[in-house]
Amino acid sequence: MQLLAIIVMGCAKVVEKVVKRLADLHQFLYGILPALLPPDRLERLTRRFYDRSYEQAGTYIPLTAYSWSLEPWEERVIAQHLTTPAITLILGSGLGRESLVLARRGYCVLGLDIALGGSVIGVRRATELNLPVTFARADFLTLPVRAESVTYILLSGVMYSAVPGRARRQAWLRSLKQCLVPGGKIVLNFLIAREPETALSRRIQLCSRMILRWPGSNRAYQTGDTCTNGHFMHIFRDEEELRTEIAGTDLSLLELNWADGYAVLS
């Protein structure tokens with residue numbers, strides 16, 4: 001029996017090393033995708049990622065497992081910048097977490113998401129709670145919203161980082177500006193580099209730079225672009241990078257909280 005135990009332990013260690021190698025390869029292959037694919041293809045990958053995610057919500061994962069309250073930074077932003085209940089557009093509304101809380105507090109909420117599954121659940125919960133929230137499926141780059149019709153725009157999650165390409169993010173902010181009433185505000189949050197650089201991440205960056213020399217590679221690629229399981233993200237490296245990006249949009253920066261990863265624009 002002792003010999004069998006030694007064999008089993010040896011096999012387990014071999015499998016563990018193989019799994020680690022495969023996990024690194026998986027991360028590497030996804031990591032170089034932003035250098036290979038143009039922004040529109042990266043957006044399609046992200047859309048499929050959320051379609052799959054929302055298929056599980058309410059089916060395999062009970063809705064009680066999700067948080068239905070605002071995060072601390074969101075509470076601070078509302079208290080300081082979104083003080084008067086008004087027409088609020090929530091982009092990336094998902095299952096309706098932010099939408100339902102704000103509607104309960106008197107805000108008139110329109111929640112938009114590219115994935116239908118989340119909106120279906122949001123509508124169901126809003127009906128159950130008798131809250132006046134409108135959910136719809138929409139492409140965020142072509143918003144179905146009239147000019148100067150919204151007081152507040154809230155980008156859910158790290159959604160700003162999910163838009164591939166600096167020029168596309170800037171163009172998107174300019175289009176959002178057209179939706180705002182005079183004095184209206186945009187709240188966005190973003191992903192920042194919190195983890196130390198690893199040998200694997202350096203290999204991904206090196207390979208991505210090599211790919212950029214090839215014809216047909218993604219000319220919108222930036223250092224900090226990454227992809228995990230089909231979900232694109234741009235990781236901002238420092239505060240100056242974000243400030244410079246926002247400065248090119250003709251929007252005023254009211255607050256930038258780098259540590260919590262959010263900004264308020266007007």
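The values are calculated or read from the model by the stated rules, or taken from the named source; none is laboratory data. Here the structure is a predicted model, which means the values were calculated and not measured. Glycine also receives a Cβ, built like all others from the backbone with ideal geometry; neighbour counts cover every protein chain displayed. When the accessible area is computed, the model is the full protein with side chains, heavy atoms only, and any ligands, DNA or RNA have been set aside. Shrake-Rupley method; radii C 1.70, N 1.55, O 1.52, S 1.80 Å.
Helical runs assigned H by DSSP (4 residues or longer) give the chain a calculated mean residue ellipticity at 222 nm of -14000 deg cm²/dmol, each run adding -39500 (n - 2.57) before division by the residue total. Here's the picture: charge each Lys and Arg Cβ at +1 and each Asp and Glu Cβ at -1 in the range 1-152, and of 69, 38, 25 the one pushed furthest to the positive end of that dipole is 25. In this simple spin-label model, placing a label point 7 Å from the Cα along the Cα-to-Cβ direction at both residue 4 and residue 116 gives a separation of 5.4 nm.
In a reduced charge model with +1 at each Lys and Arg Cβ and -1 at each Asp and Glu Cβ, the chain shows a dipole moment near 700 debye about its Cα centre.
Using a probe of 1.4 angstrom, how much of the accessible area of the chain is carbon and sulfur, in percent? Of all accessible area on the chain, carbon and sulfur atoms account for 59 percent.
Taken along its principal axes, the alpha carbon cloud of the chain reaches lengths of 72, 47, 31 Å, longest axis first. Close amide H contacts of residue 232 (hydrogens built in the peptide plane, cut-off under 5 Å, sequence separation of 5 or more or a different chain): 46. Taking label positions 7 Å along the Cα-Cβ direction at both residue 258 and residue 149, the computed distance is 3.9 nm, reported to one decimal. Shown is the FRET efficiency for residue 228 and residue 130, computed with R0 = 45 Å from the Cβ-Cβ distance and rounded to the nearest 0.05: 0.75.
Solvent exposure of the range 141-263 amounts to 49 Å² per residue of accessible area, where only protein heavy atoms count and the probe is 1.4 Å.
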